[in-house]
Amino acid sequence: MDNILRRIDLNLLVTLQALLEEQNVTRAAERLHLAQPTVSIQLARLRGLFDDPLLLPGSRGMRCTARAEALREPLAEALDAIRRTVAPVQSFDPASAQQTWRIMASDFGESTVVLPALPGIRDAAPGTRLAVVSLAPAQMVAQAERGEIDLAIHIASEAPPSLHQRPLFQERYVLAGRRDHPKLKRRPTLKQFCALQHAIVSPDGGGFHGNTDSALAHVGARREVVLSVPHFLFLRSALLRTDLVAMMPSRFVEADPALKAVEAPINVPGFEMMLFWHERVHRDPAHRWLRERLAAL
């Protein structure tokens, strides 16, 4: 099969289609804007390629052989497929799109990136569907390569080098608790901060040590962490029902009137949120549209 394909000139197949439809060398030449002798030479090559006369003299011009008739439909389908393949990429029309996207994100990414963009996406592209799947950093690259996810929202410090990336925003940590928390009326001292009972988000599950504890250790201090949870949404519920406090991303707290944030007495390094995607969708107009919608907000 490979040898046959290497011997075929695509222009011959275009000529063959014109000959089968016109059944006349002169009309086929006019249709192809070629000289009649050129089309006659190509017909001779086609006869050799298919080992068949293809077109025979008839009472009213030329008539197709059985082999030529059998070629008519698959040839038209093949040339149409080639034309679609090499045609310029169509622009994306969100109003008529029937796209399904899959985004990998943590609950923080969901609430700060996906959720603000969702109303605009639904209004502009009502026929599309969006699936948000749980963040699994170890699986991100493999799932993107296999097409199981279209985008991932994650932190820059864990950026996979094999994926395209786009910065979204810089985030910082604040000390948060319920709105009427008695110990959060003002910024606490370092001693007061360490005396509070803290909760922590541990994505890996069950950890009681985080960036805040590392920062405290540098100044010879330590806090009391009494609750470890896997998600920020769980953490929010815990803060609203107890006197626990937590170091949380500022955007998460600022968007929630039930929580109160004050500056912590120690500097805890923040992080940068990023979009990640695979090369296979890098130039896709629909994917570019979705990336722009998410990045704009």
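The values are calculated or read from the model by the stated rules, or taken from the named source; none is laboratory data. Note that the structure is a prediction, hence the values are computed from the model and not measured. FYI the Cβ positions are ideal-geometry reconstructions off the backbone, even for glycines, and counts take in every protein chain you see. When the accessible area is computed, the model is the full protein with side chains, heavy atoms only, and any ligands, DNA or RNA have been set aside. Shrake-Rupley method; radii C 1.70, N 1.55, O 1.52, S 1.80 Å.
Worth a mention:
- Carbon + sulfur, % of accessible area of the chain - ligands and nucleic acids excluded, 1.4 Å: 52
- Extension reserve of the A156-R72 stretch, reckoned as 0.36 nm per residue once the Cα distance is removed: 24.7 nm
- When the Cα positions of L32, A76, T212 are compared along the charge dipole of the chain, T212 comes out farthest toward the positive end, with charges on each C-beta of Lys, Arg, Asp and Glu.
- Loop-resident trypsin sites (Lys or Arg not before Pro) (DSSP state other than H, G, I, E or B) in segment 57-121 with no more than 14 further Cβ atoms inside 10 Å of their Cβ: R60.
- Each Cα pair under 8 Å and six or more residues apart adds its sequence gap; the mean of these over the residue count of the chain is a relative contact order of 20 percent.
- Loop-located chymotrypsin sites (Phe, Trp or Tyr not before Pro) in segment 138-247 (DSSP state other than H, G, I, E, B) with a sparse environment of at most 16 neighbouring Cβ atoms within 10 Å: F208.
- Neighbourhood charge, 15 Å Cβ-Cβ cut-off, centred on S40 and excluding it, Lys, Arg +1 and Asp, Glu -1: +2
- Secondary structure note: in segment 1-140, about 40% of the DSSP beta bridges are antiparallel.
- Anisotropy class of segment 19-82 from Cα gyration tensor, a/c 1.5 cut: rounded
- Cα centroid separation, segment 58-127 to segment 198-217 (Å): 47
- Å² of accessible area per residue within the chain, as computed with a 1.4 Å probe and no ligands counted: 56
- Within a Gaussian network of the chain (alpha carbon springs, distance under 10 Å), most fluctuating of P161, P230, P37: P37
- Rounded to 0.05, the FRET efficiency of the D284 and A138 pair, given R0 = 30 Å and the Cβ-Cβ distance, is 0.75.
- Grouping the Cα pair distances of segment 158-297 into 10 Å bins from zero gives a pair-distance distribution of 11, 36, 29, 17, 8, 1 percent in increasing distance order.
- In this simple spin-label approximation, Q197 and K185 carry label points 7 Å from Cα along the Cα→Cβ vector, and these lie 2.1 nm apart.
- Cβ-Cβ FRET estimate between R222 and L115, R0 fixed at 45 Å, reported to 0.05: 0.80
- Trypsin sites (Lys or Arg not before Pro) within segment 252-285: DSSP coil, no more than 13 neighbouring Cβ in 10 Å: R283
- Between D52 and Q36, the contour length at 0.36 nm per residue exceeds the Cα-Cα span by 3.7 nm.
- Debye log10 I(q)/I(0) at q = 0.07, 0.10, 0.13 Å⁻¹ for the chain, Cα point scatterers: -0.50, -0.70, -0.95
- Only Lys, Arg, Asp and Glu carry charge here, each on its Cβ (+1 for the first two, -1 for the last two); on that basis segment 181-236 has a dipole of about 440 debye about its Cα centre.
- Of all beta bridges that DSSP places with both ends in the chain, some 60 percent have antiparallel geometry.
- A Cβ-based charge dipole, computed about the Cα centre of the chain with Lys and Arg at +1 and Asp and Glu at -1, lands at about 640 debye.
- Farthest positive-ward along the chain dipole, Cα basis, beta-carbon charges - from A195, H154, P53: A195
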